[in-house]
1. Be a star and scan region 157-186 for residues whose amide nitrogen sits under 12 Å from the point 7 Å along the Cα-to-Cβ vector of K146.
2. So what's the net charge close to S217: Lys and Arg +1, Asp and Glu -1, counting the other residues with Cβ under 11 Å from its Cβ?
3. Can you give me the orientation-averaged projected area of the convex hull built on the Cα atoms of the chain, in nm²?
4. Whole angstrom only: what separates the Cα centroid of region 1-74 from the Cα centroid of region 271-338?
5. Please report the Cα spread of region 202-338 along all three principal axes, rounded to whole Å, starting with the longest.
6. Say each of A171 and L110 gets a label point 7 Å from the Cα, pointing the same way as Cα to Cβ; how far apart are those two points in nm?
7. Exposure proxy check: S152, S275, S209 ranked by fewest other beta carbons within 10 Å?
8. For the chain, what is the mean residue ellipticity at 222 nm derived from helices alone (per DSSP H run of n ≥ 4: -39500 (n - 2.57); sum divided by total residues; nearest 500 deg cm²/dmol)?
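Just so it is clear, none of the values below were taken in a lab; they were calculated from the coordinates. Since this is a predicted model, take the numbers as computed values, not measurements. Cβ atoms come from the backbone with ideal geometry, glycine included; neighbour counts cover every protein chain shown.
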Amino acid sequence: MSMVDFFSGCGGTSSGFKSSGIKILSGIDNDLDSAKSFKANFPEATFYRQDITKMACDELILNIDRNKEKLLFSGCAPCQPFSKQNKKSTSNDSRTALIFEFFRFIKHWLPDYVFIENVPGMQKVETGSLFTKFTQQLAELGYKVKYKVIFSVDYGVPQKRQRLVMLASLAHEIDIPASTHGKGLKDYTTVRDCIGGLPPLKAGQVHSSDSQHVSSSLSPLNMERIKNTREGGSRETWPDRLKLECHKTYKGHSDVYGRLSWDKPASALTTRCISYSNGRFGHPEQDRALSIREAALLQTFPRDFIFYGSLASKARQIGNAVPPKLSEAFGKALLHHN
C-alpha cells in the first residue's frame with residue numbers, strides 16, 4: 001500500500017503510516033517550514049509545496065501500479081476552524097472548504113482508502129455539518145465510511161487528546177480499529193515513558209547532543225512561578241504575589257502555568273506546547289517548559305525526527321500533527337484489511 005499525505009504538515013500522519021509498513025508517495029502542504037521538515041524526514045517521497053485550492057488533480061504524480069498496489073489518501077485538514085477553542089464563527093473561514101478540495105482529488109483518483117483525523121467538533125460545525133456532506137459525497141462515489149470520536153491515549157499516545165477519525169474503503173466494509181491500550185489491554189503510555197530518559201536542560205538552553213532538545217526562556221517572574229509549582233500542579237500553590245489578578249477570582253483553565261505528571265499521560269498538546277503560560281506544558285520537575293524534542297516525543301514522533309523553523313514554528317508543527325502512534329494503529333488495520 002502507498003499513501004499521499006494531503007495537508008501533511010511536518011509529516012506526523014506519514015510517520016505513523018510508514019512505521020506500519022505503508023510507503024509514503026508524497027506530501028502536500030503550503031507551509032515553508034513544514035515542507036522543509038517533511039522533506040528532511042521523508043526523502044523518498046515527492047513533496048508538493050502548493051496551495052491545494054490552486055492545484056490541479058492531474059498534477060499529482062502516482063508512480064504505482066494500481067492493479068498491484070492499494071492507494072491511501074490521508075487528508076487531515078487544518079483543524080482550527082472546528083476547534084472548541086476557536087470562539088469565532090467558522091462560516092466565513094476559508095479553511096472549512098479545504099475538505100472539499102481534498103474530495104476533489106478523491107473523486108479524480110478514487111483511492112482504495114481514505115483516512116481523516118480532526119477535532120471532534122468537525123462534524124458539528126454551524127456551516128451545515130461539512131463533515132456530513134463530505135461523508136455523503138464519499139458514499140455517492142461508492143465508499144463505505146466509518147467514523148468515530150476516539151481518545152488517542154487508547155492507541156498508545158500519552159495524551160488526553162480526543163479526536164474524530166474516519167476511514168473509508170472503496171471495495172469492502174471497514175471499521176475503526178480497536179483500542180490497543182486501556183483496561184484489560186496494554187497500560188497507558190505516560191510522560192515518564194516518553195521523556196524520562198532525556199538529559200536535563202535549563203530554560204533557554206539547547207542541549208549539545210540534540211539541537212531539537214531546546215527549551216524556551218522564562219522571564220524572572222515565570223521562573224519564580226514554576227519553582228512554586230509542584231509536579232502535576234498548577235497555580236493553586238502560588239503565593240498571591242505571583243498570581244495574575246484574573247487568577248485570584250477565576251477558577252477555569254487550571255492547566256495554564258501547570259506542570260505535567262511523570263506517571264500519567266500528558267494534557268493534549270497544542271501549537272503552543274513549549275510555552276509554560278499556555279497550558280500544562282511545564283516539565284514535571286525541571287524549572288522550564290517542554291523542549292521541542294520532549295513535545296515531539298509526547299506526540300510520539302520518532303526520537304530522530306527533524307524539525308525546521310523557529311521555536312514557535314516547530315511547536316506549531318508538532319501541535320498540529322497527527323500523533324504517529326495513532327496513524328500507525330490505523331495503518332496496521334488497513335494493511336490487515338487489504
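1. The answer is 166-169, 172-179.
2. Details: positive: K202, R288; negative: none.
So the surrounding residues net to +2.
3. Numbers: hull surface 70.8 nm².
For the chain, averaging the hull's shadow over all directions gives 17.7 nm².
4. Answer, in whole Å: 19.
5. Rounded to whole Å, the extents work out to 60, 34, 25 Å.
6. Spacing of the two 7 Å Cα→Cβ label points: 1.3 nm.
7. Ranking S152, S275, S209 by Cβ neighbours within 10 Å, fewest first, gives S209, S275, S152.
8. Numbers: 10 runs with 91 residues, N = 338.
The helix contribution divided over the chain gives -7500 deg cm²/dmol.
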